[in-house]
Amino acid sequence: MACVTTFEDVTVIATESLSKRFPRVTALDRLSVDVGPGVTGLVGANGAGKSTLIKILLGLSPATEGRAEVLGLDVATKGAAIRERVGYMPEHDCLPPDVSATEFVVHMARMSGLPPTAARERTADTLRHVGLYEERYRPIGGYSTGMKQRVKLAQALVHDPQLVFLDEPTNGLDPVGRDEMLGLIRRIHTDFGISVLVTSHLLGELERTCDHVVVIDGGKLLRSSSTTDFTQTTTTLAIEVTDTDDHPDGTRAVREALHARGVDVLDADGGLPGAGHILLLTAQGEETYDLVRDVVADLGLGLVRMEQRRHHISEVFKDSDEQRKEAVGHGS
Amino acid sequence: MAVEHPVAPPSGDQTRIHNIGYRSYDGPRLGRSYARRSLYSQSLRGAYGLGRSVKSKVLPMLLFVVMCVPAAIMVAVAVATKASKLPVDYTEYAIYFQAVISLYVASQAPQSVSRDLRFKTVPLYFSRPIETADYVRAKFAALASAMFILTAAPLLVLYVGALLAKLDFTDQTKGFAQGLVSVTLLSLLLAGLGLVIAAVTPRRGFGIAAVIAVLTISYGAVSTLQAIADAQGSTSAIPWIGLFSPITLIDGVQSAFLGATSAFPGGVGPSHGEGVAYVLVVLGLIAASYGLLMRRYKKVGL
């Protein structure tokens, strides 16, 4: 995966005690966060302040306090310059049903300042990249939800921005459409070299897609760290072995042998295919892999599978959630 | 479908190349004023259904023809009978055809702004370099231009015809110029009112009905009151009543300053003094429409 970074700044988005208060609610509360190039997930429950943050970052809504920079430009004074370099895909429907995807995206490209010929060329390219072919000449009204999401994405990418804000791009999609959209989002960075800020209220889907995850709740920063931090501090190994005449239950034999060497082994949860034949253990480093190899070889068994199982981000957040609740509990 | 792609005939432009990788764009980015001009031309074309479905071309084109054909017939008659003057004044034409013009505003103002509001396309504009004022100006200018084309085209037909019929050049040019000033004011006024009404009624059907209602009811009410005033002999009230409907406003302005014969009962138009009030009200309404549109779009933002 070649990561193309089109700018030298390591910070794409920077906010400093950014607050936004409405008469009755505080949407953002002293939020300070730095976001680098790559795919960044912005996670939070509905009403956590995600959309408000995007609005401020686009320079469309003034912050009550604090400051923010996007691509090194101050949102308070350089809104127009930011919006020229940034793409935005809203959460809600935003497509007129009576025009074709091509016409619509060409128009939006021109609204971003692309000359007519460039607008048409970029539209054709972009629609192809998001996976719309013949249907792009038909009126949008007849599209499926997945196709509409692709058009929305295309209009955000058509002017080749340096950064795109994607607000809940997987909303309303079925599991297959969701996976395709997530793959597409990944490609926006790896293939197109465009940084992405993607919001979601689902943690699971960001795990596979994002380099970095920012969690906000009630307008406050809950956590900001890279996904590798979350998932690689402890690696779980899954092992599956064959049975032999000497060891009719190979799985048990391995478990006992490992136990004898002081390694705790768990059986994989039921419900999955192969459950009961898969052992899970915590890898402490390279030695664990060697140990497993040696143990299995000594027993004369075949090693069918030895793979890393990643922790889910949600587990990490469950912890921080609990901590937070405790903190809140202590506070009140 | 997927099976058909690989066997696409290798005949020149039919061949499609898949997956040639992403190309970044290094060309010019023309910024706000270009975007505003693009929005203007797209909206102006849209007001005649160009770049839209065949169905949406029917009504505006039909109304355009309905506006122009009578002018052509009048010209043909004038040329054939070698008349000394045209059967209709340049300034009168728009007043006679006010129903057609009202229908045009009612159908095109909502399509221009209600669609963007109803389908929530507006945030896509404002997440780009253009700002509220650019959007409002482009839409306002586009509808006013479309209205001007609709109302000025028949005047042009009359003018060209009059010259072909060898009528007095100075007279005709003066009349034509006065007519153009009048339809410019009419276009700005009706475009402003139409857009404001359409911008607060996101459902297109309601928008159409609301615009028609405002234009015809106000004209009907004002004409009726003027007729009553005329019947009761209180002729001094007639010009003041005329301030309350767009068409009578234009009628008043042109009979006070543009040498038009008033369509008011008894043919009594406003005097010069009263005419000033008419001009101020017209300009005030145009400015107010612009202000209201700005306020409306400041709110809908993202």
Translational diffusion coefficient, Stokes-Einstein: compute it for segment B:136-238 using the Kirkwood radius over C-alpha pairs as Rh, at 37 °C and 0.692 mPa s, and state it as an integer in µm² s⁻¹. 201 µm²/s
I'd like the trypsin sites (Lys or Arg not before Pro) in segment B:111-197 restricted to DSSP loop residues with at most 11 other Cβ atoms within 10 Å, sorted by number. B:LYS166
Under 17 Å from a point 7 Å along the Cα-to-Cβ line of B:VAL200: which residues of segment B:206-223 have their amide N that close? B:206-218
Please give the net charge around B:ALA237, taking every other residue with its beta carbon less than 15 angstrom from that of B:ALA237, where Lys and Arg add +1 and Asp and Glu add -1. -2
Neighbouring partner chain Cβ atoms per residue of A:39-50, average, 10 Å criterion: 0
Roughly what % of Cα-Cα distances in the protein assembly as shown sit above 33 Å, to the whole percent? 60 percent
Bin all alpha-carbon pair distances of segment B:155-196 at 10 Å intervals from 0 and give each bin's fraction as a whole percent. 28, 39, 21, 11, 1
Restricting the calculation to Cα positions, tell me the Rg (one decimal) and the Dmax (whole number) of segment A:100-228 in Å. 15.5, 46
When all alpha-carbon pairs of chain B are counted, what percent fall beyond 28 Å? 49 percent
Chain B, relative contact order [Cα under 8 Å, separation at least 6], %: 21 percent
Counting helices only, and only those DSSP H runs with n ≥ 4, report the 222 nm mean residue ellipticity of the protein assembly as shown as the sum of -39,500 (n - 2.57) divided by its residues, in deg cm²/dmol to the nearest 500. -17500 deg cm²/dmol
Å³ per residue enclosed by the Cα convex hull of segment B:234-302: 82 Å³
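Compare the peptides A:189-198, A:94-103 by average per-residue count of other Cβ atoms within 10 angstrom and give them in order, highest first. Walk me through the numbers on the way to the answer.
On the way: A:189-198: 22.0, A:94-103: 19.2.
Order by mean packing, descending: A:189-198, A:94-103.
Please identify the DSSP H helices in chain B that span no less than 18 Å along the helix axis (Cα) and have a mean Kyte-Doolittle hydropathy of 0.0 or more.
Flagged H segments are B:54-80, B:98-118, B:132-164, B:169-200, B:204-231, B:272-300.
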Most to least packed among A:34-42, A:203-211 [average Cβ atoms within 10 Å]: A:34-42, A:203-211
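Readers should treat all values here as calculations from the given coordinates under stated rules, not as data from a laboratory. Here the structure is a predicted model, which is why all the values come from computation and not from measurement. Ideal geometry is used to build each Cβ from the backbone, glycine not excepted, and the neighbour counts take in all protein chains shown.
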